[in-house]
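Right, one structure below, let's go through it.
The values are calculated or read from the model by the stated rules, or taken from the named source; none is laboratory data. Predicted, not measured: the structure shown is a model, and the values here were computed from it. Cβ: placed from backbone, ideal geometry, glycine included. Neighbour counts: every protein chain shown. For the accessible areas, the whole protein counts, side chains as well, though only heavy atoms, and no ligand, DNA or RNA atoms are used. Shrake-Rupley method; radii C 1.70, N 1.55, O 1.52, S 1.80 Å.
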Amino acid sequence: MSSLITPIPKSATDTQADSTTGLTSEEARRRLNKVGPNTMPDTALHPLRMALEKFWAPVPWMLEAATVLELALGKYVEAGIIAALLVFNAALGLFQESRAQATLAALKSRLALNASVRRGNVWMTLPAADLVPGDVIKLSLGGVVAADARLIDGGILLDQSMLTGESMPIEAGTGVQAYAGALVRRGEAIAEVTATGVRTKFGRTAELIRTAHVVSSQQNAVLRVVRNLAAFNGVVIVMLVIYARFLKMPVAEIIPLVLTAVLASIPVALPATFTLAAALGARALAKLGVLPTRLSAVDEAASMDVLCSDKTGTLTLNSLTVTSVHPMPGYDEARVLTLAALASSDGGQDPVDGAIRAAAAHNSASDTPKIIKFVPFDPATKMSEATVGDSVGTAQRVVKGAFAAVVLLAQPPPAAVVAAKDLEGKGFRVLAVAIGPSNAMAFIGLIALSDPPRSDSAALVTELHELGVRTVMVTGDAPATAAIVAHAVGLDGSICPLGPIPDSVHPEQFSIFAGVLPEDKYKLVKAFQKGGHIVGMCGDGANDAPALRQAQIGIAVSTATDVAKSAAGMVLTEPGLAGIVASVKEGRVIFQRILTYTLNSIAKKTVQVLFLAVGLMMTGHAILTPMLMVLIMITGDFLGMSLTTDNVRPSPTPNVWKIGHLTVAGVIMGIGELVFCVSALAFGIYSRQFDIDALRTLTFVVIVFGNQATTYTNRERRRLWSSQPSSWLVASSAGDVLIASTLAIGGIAMKPLPVSMVVGTLVAACVFAVLLDMVKVPVFRRLGLT
């Protein structure tokens, strides 16, 4: 794969290339055949294939097998119901797909469609796809750079924010590399194409996005729960068949028994509940300025223990601000700012000029000279200047620019040299200002600019720390600049040495990763994940997209490009860390709700299969029919989805899926419910002398009521009365009990039971819930379920 994204060597691009005439048409055609078009390959999955993949997973397999068995037995209604459940699950999960393809589509949409190219000494407009290495192209104001290219003449202000995420355009002159997708904000230049298609910076980013993938902890949890249930219940079902054969039951009775047992073991609504819980969390987060683009990111936020935060726009304001002014003797701050503002463009897109004009507007001198002529910033001289007239009409030259450039025109005092060096060492951008006749200019002051930290960053970093999330700064800026901002927001720790990111790096080792290239962000995420961490990554540029895609929770900040937003799992609509803190808190609420439903599923599926086995031993018959089992699935599993709205307490630390402990807890709670169910069945057999049809109705009722009892014991990690359930949960429970009671008393799809028997079972279930709660508290505490 690496051979596809290696840039064309310089010698290859220079062969038969002439910057004055460009390539010949024949040479361009030969190169196009050799390197391919200046496009990225289309790897989009067919929508039908994406839909079919939703039916290829453990839970769908079990439902599909059950559907086939029902059809084989001629039970078309039951088969239709199970098939509907299968389609429901697939439809809910389908819309979470295609994020990588959406990212690639966004990348492609940012590339230029046409380019101005010199071929055979003639300028022509060609499709950007026809460009080849060695082509000579023109970069003009407002145009999009069509391929990676090296400037060979002219100068431009280049906005690469869509690639880098940095808001400040760069001055690009001869020899500077421009990347595909960048926007020309000012000027005009001639450039030679150095890379096209998948070999460009854009192409390498797209390739990383395509290959970046991490299985969410939510997916792992579903798979492990289903695996554990399948293994346990599979053994029970095999033993059930062996015992049925021992009883010499006819095959016509064994097949429905097996089908009922299979249905009883399927956590049919588990994937749908994960999706619904995350969707409700996403809706809550949208009100707080966070837009999840992948629902799994809501769940991952609960488990995130490391946040890789970008500096610009996340911890800082993402806007240059005049931090300090150092006037020389005979001048004050107001005078220096006023003169510097005269040498700054008015209403342009240069962020430096805008910052100086904004500062001068709040602190200006009273006797402002009149502008006679203005010369905008020239990347060759690294200065802008103005000719001004004083009160008596004398013309003077005002120069503002890089310290090293201005000192060639005006001799600075020793104190100014020391101050400039000190400010640059601290990461500030330093400009010098001089005024006077061209042959006798005076050095009048220094202006330091920086992107200051946001006022809320320090408090939010502290809050994340209290929530158990370690924040590290990951930035392309110099270590000195990064260290200043990190200290200001409370990230006091070691700085990772410059160079490639070590494969074995841990977040506890460093607080600051400075001078980081886009590819290194991707490697950093993978290194943290290799250490077992759940990683959140902030980003804003297209070059951050692979890291955003690889992280369990990719977070596109408010100023992010479309590419970054489509690659991320969450998009912040407001600047700063506040949305991330809200995501962590809301994610932990969602996690607790899903944890309760998962615990319920394990308990229910355990008790139902074991109850079938015990019932077979007690009666010699199957105590449930497939239709009754389908009714239990609908009333219990899907009405139980109301747990996604329950009132819960989020945990103070990152959540971890302890599937082993969860399975043990579920089995213990299931065995408790099994004791209740077997007791009720024994009462029906030995006290009421019910026949097998009445016993099946009793089994249906006792499972429904028992499931409701365990729901209320499981929803609260402490005593069941420690918190109030949500109104949706109460309404769902009432509906479940009402439906089951109506069917049992009315004899709908089953033999009727006396009202007294149904009411007595309900009362017994309430008493059982209180007794089971006494067992639950020490069990949950021992297993660390909080």
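For the stretch 244-251, backbone phi angles converted through the Karplus equation (6.51, -1.76, 1.60; θ = phi - 60°) give residue-by-residue couplings of 4, 5, 4, 7, 6, 5, x, 4 Hz, Gly and Pro being listed as x. Where only DSSP H runs of four or more residues are counted, the chain gives -15500 deg cm²/dmol as its mean residue ellipticity at 222 nm, each run worth -39500 (n - 2.57).
Compute the whole-percent fraction of alpha carbon pairs in the stretch 594-689 spaced more than 24 Å apart. Taking all Cα-Cα pairs of the stretch 594-689, the fraction more than 24 Å apart is 33 percent. Normalised by the number of residues in the stretch 369-431, the average gap of Cα pairs under 8 Å and 6 or more apart makes the relative contact order 23 percent. In terms of its alpha-carbon gyration tensor, the stretch 374-516 comes out prolate; a/c meets the 1.5 threshold, and the first ratio a/b outweighs b/c.
Here, P(r) means the percent of Cα pairs in each 10 Å bin from 0 to the largest distance; for the chain it is 3, 12, 18, 17, 15, 12, 9, 7, 4, 2, 1, 0.
In this structure S364 has an accessible area near 70 Å², from a 1.4 Å probe over the protein heavy atoms. What is the angle, in °, between the Cα long axis of helix 351-362 and the longest principal axis of the Cα atoms in the chain? Nearest 10 is fine, range 0 to 90. Long axis of 351-362 versus the principal axis of the chain: about 80 degrees. Pairwise inverse Cα distances across the stretch 366-434, averaged and inverted, put the Kirkwood hydrodynamic radius at 13.3 Å. Summing Lys and Arg as +1 and Asp and Glu as -1 over all other residues whose Cβ lies under 13 Å from the Cβ of M669 gives a net charge of +2. Per-residue Karplus couplings for the stretch 133-142, computed as 6.51 cos²θ - 1.76 cosθ + 1.60 with θ equal to phi - 60°, are listed in order as x, x, 4, 9, 10, 9, 10, 10, 3, x Hz, Gly and Pro entered as x. Taking amide H positions as modeled 1.01 Å from N, with prolines and chain starts lacking one, the residues under 5 Å from L23 and 5 or more places away or on another chain are D18, G120, V136. Taking the chain as the reference, fit the longest principal axis to its C-alpha atoms, fit the long axis of helix 270-286 to the helix C-alpha atoms, and give the angle between the two in degrees, 0 to 90, nearest 10. The helix 270-286 is inclined about 40 degrees to the chain.
For the pair V392 and V417, a Förster radius of 45 Å applied to the C-beta separation gives a FRET efficiency near 0.85, rounded to the nearest 0.05.
Annotation: lysines with alpha-carbon distance below 29 angstrom to K523 (same-chain offsets under eight excluded): K10, K108, K201, K311, K426, K565, K585, K658. Taking amide H positions as modeled 1.01 Å from N, with prolines and chain starts lacking one, the residues under 5 Å from G155 and 5 or more places away or on another chain are E188. Remark: the stretch 693-702, residue by residue, has Karplus-estimated 3J(HN,Hα) of 5, 5, 5, 5, 5, 4, 4, 4, 5, 5 Hz, where x stands for each Gly or Pro and the curve is 6.51 cos²θ - 1.76 cosθ + 1.60 at θ = phi - 60°. Around the amide H of A442, modelled in the peptide plane, lie the amide H atoms of I435, G436, all under 5 Å away and 5 or more residues distant in sequence or on another chain. Both numbers refer to the Cα atoms of the stretch 441-557; Rg and Dmax are 15.8, 61 Å. Out of every Cα-Cα pair that the stretch 310-423 contains, those further apart than 17 angstrom amount to 61 percent.
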